[in-house]
Protein chains: 4
Amino acid sequence: MSSSIGKILTLTTFGESHGVALGGVLDGFPSGIEIDEDFIRSEMQRRRPGSTKLGTQRNEDDEVRILSGVFEGVSTGTAIGFIIENRTQRTADYSAIKDLYRPGHADYTYKAKYGIRDYRGGGRSSGRETSCRVAGGALAKLFLRREGIRIDAGVIAAGGIRIKNVIWAPPFPAPLYAPESPERDEMIRAIEEARAEGESIGGIIECRISGVMPGLGDPVFDKLDATLAHAVMSIGSVKGIEFGSGFESTLRKGSENNDQMRKGNGRPLFLSNNAGGILGGISNGEDIIFRVAIKPTPSVSKEQLTVTESGENTTLSVHGRHDPSILPRAVPVVEAMAALTIADHLLVERAYGRR
Amino acid sequence: MSSSIGKILTLTTFGESHGVALGGVLDGFPSGIEIDEDFIRSEMQRRRPGSTKLGTQRNEDDEVRILSGVFEGVSTGTAIGFIIENRTQRTADYSAIKDLYRPGHADYTYKAKYGIRDYRGGGRSSGRETSCRVAGGALAKLFLRREGIRIDAGVIAAGGIRIKNVIWAPPFPAPLYAPESPERDEMIRAIEEARAEGESIGGIIECRISGVMPGLGDPVFDKLDATLAHAVMSIGSVKGIEFGSGFESTLRKGSENNDQMRKGNGRPLFLSNNAGGILGGISNGEDIIFRVAIKPTPSVSKEQLTVTESGENTTLSVHGRHDPSILPRAVPVVEAMAALTIADHLLVERAYGRR
Amino acid sequence: MSSSIGKILTLTTFGESHGVALGGVLDGFPSGIEIDEDFIRSEMQRRRPGSTKLGTQRNEDDEVRILSGVFEGVSTGTAIGFIIENRTQRTADYSAIKDLYRPGHADYTYKAKYGIRDYRGGGRSSGRETSCRVAGGALAKLFLRREGIRIDAGVIAAGGIRIKNVIWAPPFPAPLYAPESPERDEMIRAIEEARAEGESIGGIIECRISGVMPGLGDPVFDKLDATLAHAVMSIGSVKGIEFGSGFESTLRKGSENNDQMRKGNGRPLFLSNNAGGILGGISNGEDIIFRVAIKPTPSVSKEQLTVTESGENTTLSVHGRHDPSILPRAVPVVEAMAALTIADHLLVERAYGRR
Amino acid sequence: MSSSIGKILTLTTFGESHGVALGGVLDGFPSGIEIDEDFIRSEMQRRRPGSTKLGTQRNEDDEVRILSGVFEGVSTGTAIGFIIENRTQRTADYSAIKDLYRPGHADYTYKAKYGIRDYRGGGRSSGRETSCRVAGGALAKLFLRREGIRIDAGVIAAGGIRIKNVIWAPPFPAPLYAPESPERDEMIRAIEEARAEGESIGGIIECRISGVMPGLGDPVFDKLDATLAHAVMSIGSVKGIEFGSGFESTLRKGSENNDQMRKGNGRPLFLSNNAGGILGGISNGEDIIFRVAIKPTPSVSKEQLTVTESGENTTLSVHGRHDPSILPRAVPVVEAMAALTIADHLLVERAYGRR
């Protein structure tokens, strides 16, 4: 089911960039959780276009309207339906891109798959789809924070500039949602320069999950890292993911990469966290750490070669209110996908009576 | 379902390293496919311990016995059950590791999750589990090759040595299953040296899938790259994955990373393949390309700090017939997971009558 | 996933009787299907309260608003989201039943399950939930009718009166949606009498599906009849289902119950249809026939013994605009669940290239 | 996934009547459960052909060999794989039925679906497939009995003879597994007479599940009765199912069919159980009661009209060691499917922390 994710906590979404509305259904959410609508609003605000000076200057009104599953402010255990109306759906003019395939976008592949495509702003493949992920993730976070689990992401590299010494002290402030560091201003400047040039840049987002008890995750195909990878790689623009020492581990010897243990308090004390909090697909109680590669957004003003739907050569130069980098807006989306995945595993784990 | 993967072509596996047998069920496999048992045997042979001088010297007999779903040499469309008997299950002596947690292994996390663990050779978390993946993957390949789809993986980096100029001319030969290159012998030597030192090394495996028609993959959560990431990240020792230009794309500008298009033959001609064959989660007809980070195997003879099950400090030095690098043996496993994923998406795609 | 049904064509629903809105997501729907909104409206009209003089006199406005997945009147292949607003959600007065458990309703079980319940009109357990099933089913029917598959249901028994000789000539007319027969007027009178007495009655609905090619359905757990039973039994008030000769077959000998065959045109000619069109869980090309037992609706004006939420004895007499029989309104719901199930199996079957 | 059933406790099976072996994988089974192999053997014995004088005289050796997931007699939480070898697979002679379709069997539909069929004894559609269900169900029962849940089924009608006054005092004895009653001997005689005539008869099996706490089952599509219906209707030869007052409820008025309540001990005291222990798809704490219609087995010696694979008219008269009634052997299979379903719901329920 392409538009659903999760085993017993399942988010199903729908909606196109310029359709009537987007929305979703979060099913399997525990009853008795207080639904803090201000928190949902603040999460949506972090992802909203126009919310920081680094993103697109489009101003979308991402108001989440909860339609079911909440009664007198508390979750009832039944499916939580919500919608986000598209207030401005009919204003844009898409005649320039209606008949051609934008490089780096999903225009061609949607057409190849479905024989038909909603060309207005990318349709279903638009980044706007992630608004529903953030809404669902905000609900998952409300459940997780009651369990003492906290999820934070931050930008650690942009346009080739990478923070050498990441000091993890979330939450990270707008506009970039990056840890404080000498490189932070440089990264912000790189995004501003990209905007000025009509270019775009990518970067790396790190995510850390703390407070996860040992034992989460399933042994074989639904390993905790495998399902996190599935969830996070399903975000558009993500081109890679690594856990703990990740690709760096390929440069080390086994004795260097293993996390040695000493006597701890109730559970082993790990002397390092190269594993990124996961061993054999199961959480070990350390922080879960992963990093995500975000490609530069494909909409650039520089002229590019492409073809029309009928197969003729043409060129395209994209002007307008596009993100020079999707990095800051991707931060809450990465958190949301992590939150949904962890909450799902936590519920499955509870089924087996081990907490 | 932790031990199952796939939406309509589903592989379910079972089995511990030192149990009676391992095995699996491949359900949803099309009828009428000739089951070439020699091919299955040759795939198993590539993964088998003791098959190359670079791996462990243990000699496991990985004979796949098909129990159902095949009649007179042809698949019947019903579930294909198979087992791989453990001939030597009782001989090993595990008293040395029975009561402690090996660093870098899943010993502690299994114990934390289940309250009980089969300590013999890692139990369910053993790399031996991947034998069932290769068996299932071999069947998937028999289906895919009839559809003109080919999947190859090869080692492109080991112990910090990386092939600068990868020339892709599969199949790649034993013992390393790496493309021919000046660095190949160096990589082999690095593994041999690691063995001599009682150490281990990791590396990078690249996988390329050719012959995939445009349109495979689902738009939102079950993007082709997201499900490939799920499948491949579920292999033990994999710590990262990237598609196309991957983490490298984070260093580029949008105009550099986009794959521009020209008029092609039936479909657009892409002038580069930074996307790795996937746009918006859907195949674009180019080769699908991904790279996988494999950590150094955790069993090393150098003494390491750890704790016992009862929480006391101790040390461990692993001797015996362990892999100095899992790289060559992981190659067919990566291919198998890719084959299962692609075959599943291909069947789903067929449901919608677009090929 | 409790609020989702289907393997690759999946309907997910949400919504409470007196919440803001109900709605659903139909995912996996083929692209290129013309979405006939008039047809959807006419299907909704059949289920709508107040639509016939036999049902409740409440007047609900069941307008389906499609929010996504349709572009220029044609399905795009992406998730179809829809909502049905509750215009009159705040008017009712539920203080009389807020603190007690209505006999025959799900009040007690929801409270036991969730610790909290939306007592307004049954909340999620309300029959109003079926409006989303009819909306999803209408879409499925649009796909099926292009494939030559037709689904009709009709009332064949009500309040103990059963049509002796069912002549199947659908569509069946309002108000009862029953085949023409001497017993039809009697059944209508029985419902009117039940209303007059403040009582309720149940009955039997038959459903026939024609035009299904041989080969639909899966062999073991997802047999066509098993999944139809799942789908249909998930409708509130359904207490039983039987296929073909059903419970009657238990009175026969094997030689009487077998459907013998003669040479046919392209496929065997079955001389009878005791199997109800399904053998070994797979369609045989004959009409698929099943019958459903609908219990009398639990809301009656006769005083009944019950308990309060705090466990004290009390009595309840339900007055107001309730259905004396849910039979006519259940007809389109049964059809909808059958349509969703058949469409899902048809898509799976296509995956295997056998049509 | 046709060969899998269950959401988080999943049974996957494989195997043909005359293949090498049948088997299954039970995944999601809790760790720490003592695996009583004698109990599994006794459950298998109840289903085994040749075990009672009423069934077939074939003598199959249904030995379950557990291959994984159990260590030192206790479940480890990992997938439990098992096989049942077919010792006598090659002896039978199927030349008489190889080229024709047996009436009432799945021969034609398998051929239509797959284009190929394993004609030996019905292949995958054989009743022998249920041996894996009983093995999986026995494991589920081991878990359930620790939770105080008990599942019993018994024959209450055979060949048109029905027990008027069912006194439920399980376990019910061989050969018929029917409650003690004046009709029991009559039913046994009816089966013996059917055998003598070369005929077959069907009947009704009732199943009761006691000790289920209120709150099991999901609200919308995965209602407890809907999933039980799915599981039980997936058994070959089952043509109908009803819960509580079932089809009989269609003859009653609402006030008669409602189960009224009085103050109870911790939960309401229901004054009747017409609901069959389920309201709105969720258990109410009363015994769950359902009845299943079993058709007469299709293999009879009376000559029957049929066609060959190539479409020519022919006749068939089945001789040999067939069941004159599948009723007694179906009893443990019905229990097994109920056990798997209840155990799965129980685990899901636990996830939500309400017990």
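Computed on protein heavy atoms with a 1.4 Å probe, the accessible areas place D:251, B:305 in the order D:251, B:305, largest first. Near residue D:244: Cβ cut-off under 14 Å, other residues only, Lys/Arg at +1 and Asp/Glu at -1. The net charge is -2. Each Cα pair under 8 Å and six or more residues apart adds its sequence gap; the mean of these over the residue count of the range D:254-355 is a relative contact order of 13 percent. Scanning residues 5 or more positions from residue D:100 or on other chains, those with amide H under 5 Å from its amide H are D:309, with H placed 1.01 Å from N in the peptide plane. Amide H contacts under 5 Å for residue C:158: C:204, restricted to partners 5 or more places along the chain or on a different chain, H placed in the peptide plane at 1.01 Å from N.
Scoring A:160-168, D:40-48, A:213-221 by mean Cβ neighbours within 10 Å over their residues and listing the highest first yields A:213-221, D:40-48, A:160-168. For residue A:262, the point set 7 Å out from Cα toward Cβ sits 6.3, 6.8, 9.0 nm from its twins in the other copies, listed from shortest up. For the peptide C:64-73, the mean number of other protein chain Cβ atoms found within 10 angstrom of a residue's Cβ is 6.
Peptide D:203-216 is shielded by partner chain Cβ atoms: per residue, an average of 2 of them sit within 10 Å of its Cβ.
Quick check on packing: order B:291-298, D:186-193 by the mean number of other C-beta atoms within 10 Å, highest mean leading.
Order by mean packing, descending: B:291-298, D:186-193.
Backbone amide hydrogens, once placed in the peptide plane, bring residue A:282 within less than 5 Å of A:224, excluding anything fewer than 5 places away on its chain. Here the protein assembly as shown is assigned +1 on the Cβ of each Lys and Arg and -1 on the Cβ of each Asp and Glu. Its dipole about the Cα centre then comes out at about 0 debye.
Centroid-to-centroid, using Cα positions, the range C:316-338 and the range A:148-208 are 57 Å apart.
Protein heavy-atom accessible surface, 1.4 Å probe, per residue over chain B: 31 Å². For the protein assembly as shown, the 222 nm mean residue ellipticity estimated from helices alone, with every DSSP H stretch of n ≥ 4 adding -39500 (n - 2.57) and the total spread over all residues, rounds to -8000 deg cm²/dmol. Counting only protein heavy atoms and a probe of 1.4 Å, the accessible surface of chain A is 46% carbon and sulfur.
For the range D:136-144, putting each phi into the Karplus relation 6.51 cos²θ - 1.76 cosθ + 1.60 with θ = phi - 60° gives couplings of x, x, 4, 5, 4, 5, 4, 6, 5 Hz, in residue order, rounded to whole numbers and with x for Gly and Pro. Taken one residue at a time, the phi angles of the range C:269-277 give Karplus couplings (6.51, -1.76, 1.60, θ = phi - 60°) of 8, 7, 7, 7, 9, 5, 6, x, x Hz. Gly and Pro are set to x. Just need the relative contact order of chain A here, percent rounded to a whole number, with Cα pairs under 8 Å and 6+ apart. RCO, chain A: 22 percent.
Note on chain C: with a GNM built from Cα contacts shorter than 10 Å, the maximum mean-square fluctuation among C:257, C:86, C:284 falls on C:257.
Comparing the full protein assembly with the isolated chain, the residues of the range B:300-318 losing at least 40 square angstrom of accessible surface (1.4 Å probe) are B:304, B:305, B:307, B:313.
The phi torsions of the range D:211-216, fed into the Karplus equation with coefficients 6.51, -1.76 and 1.60 and a -60° offset, translate into couplings of x, 7, 5, x, x, 7 Hz, rounded to whole numbers, with Gly and Pro shown as x. Take each residue of peptide B:30-42, count the partner chain Cβ atoms within 10 Å of its Cβ, and average: the result is 2. Heavy-atom accessible area buried between chains B and A is around 8300 Å² (1.4 Å probe, both sides summed). Taking a straight Cα-Cα cut-off under 19 Å and skipping sequence neighbours fewer than 8 places away in the same chain, the lysines within cross-link reach of residue A:253 are B:239, B:295, B:302.
The values are calculated or read from the model by the stated rules, or taken from the named source; none is laboratory data. Treat the numbers as computed from the prediction; the structure is a model and nothing was measured. Neighbour counts are summed over all protein chains in view; Cβ atoms, including those assigned to glycine, are modelled from backbone coordinates with ideal geometry. These accessible areas exclude ligands, DNA and RNA; they are computed on the full protein's heavy atoms, side chains included. Shrake-Rupley method; radii C 1.70, N 1.55, O 1.52, S 1.80 Å.
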